[in-house]
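A.B. asks: If you scroll down you'll find the structure; I have some questions about it.
The values are calculated or read from the model by the stated rules, or taken from the named source; none is laboratory data. These figures come from a predicted structure and were not determined experimentally. Cβ sites come from the backbone with ideal geometry, for glycine too, and all protein chains shown count toward neighbours.
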Amino acid sequence: MQTIDRESLRLKMRSADDLTVVEVLPKKSYDKFHIPGAINVPVGSDDFAERIQAAANKDDEVVVYCQNTECDASPRAAEKMEKLGFTKVFDYEAGKDDWRDAGLPVEPH
């Protein structure tokens, strides 16, 4: 697992065709606000492995994120994904709070 910062993620989202951005928090948190284009696959769900494998190609770049640096959901998700054979997993450690606090767009508006 590699980490990624906000600016690198923003640039990657603009240029990468094979990028999947995944919020790994529960749906309730995702529904409050999330990074535009992100999908929701909660790391705590019983079917995480099946859902993440259906949502992303193991050889494509995947960025996982959670709430903030205090949250451990995205590192746990990245570790699970690497065990499943994902080869390009990035953890946006600062999470969606950092994204929103920087004034970047979130959904829903």
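A.B. asks: Assess whether Ala55 counts as being within 25 Å of Pro108 (Cβ to Cβ) and aliphatic (A, V, I, L, M).
C.D. replies: yes
A.B. asks: Then there's this: Return the residues of segment 88-109 that are in contact with a strand residue (DSSP E or B) (Cβ under 9 Å, 6 or more places away or on another chain), within 24 Å of Phe48 (Cα to Cα), surrounded by 15 or more Cβ atoms within 10 Å (Cβ to Cβ) and charged (D, E, K, R); say none if nothing qualifies.
C.D. replies: Across segment 88-109, the qualifying residues are Lys88, Asp91, Glu93, Lys96.
Conditions tested, residue by residue: (1) of a type in the set (Ser, Thr, Tyr); (2) within 18 Å of Asn40 (Cβ to Cβ).
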| position | (1), (2) |
| --- | --- |
| Cys66 | no, yes |
| Thr69 | yes, no |
| Asp72 | no, yes |
| Asp91 | no, yes |
| Gly103 | no, no |
| Pro108 | no, yes |
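A.B. asks: For segment 69-109, which residues satisfy the criterion of being among the hydroxyl-bearing types (Ser, Thr, Tyr) and under 15 Å from Arg6 (Cβ atoms)?
C.D. replies: The answer is Thr69, Ser74, Tyr92.
A.B. asks: Among the residues of segment 67-87 satisfying the criterion of being surrounded by fewer than 21 Cβ atoms within 10 Å (Cβ to Cβ) and in contact (Cβ under 8 Å) with a residue 60 or more places away in the chain, which is nearest to the chain's Cα centre (by Cα)?
C.D. replies: The extreme case among them is Pro75.
A.B. asks: Related question: Here are the criteria: (1) touching a helix residue (DSSP H, G or I) at 6+ places or on another chain (Cβ under 9 Å); (2) small (Gly, Ala, Ser); (3) modelled with pLDDT under 95. Tell me which single one Ala49 does not satisfy.
C.D. replies: (3) is the only condition that Ala49 fails.
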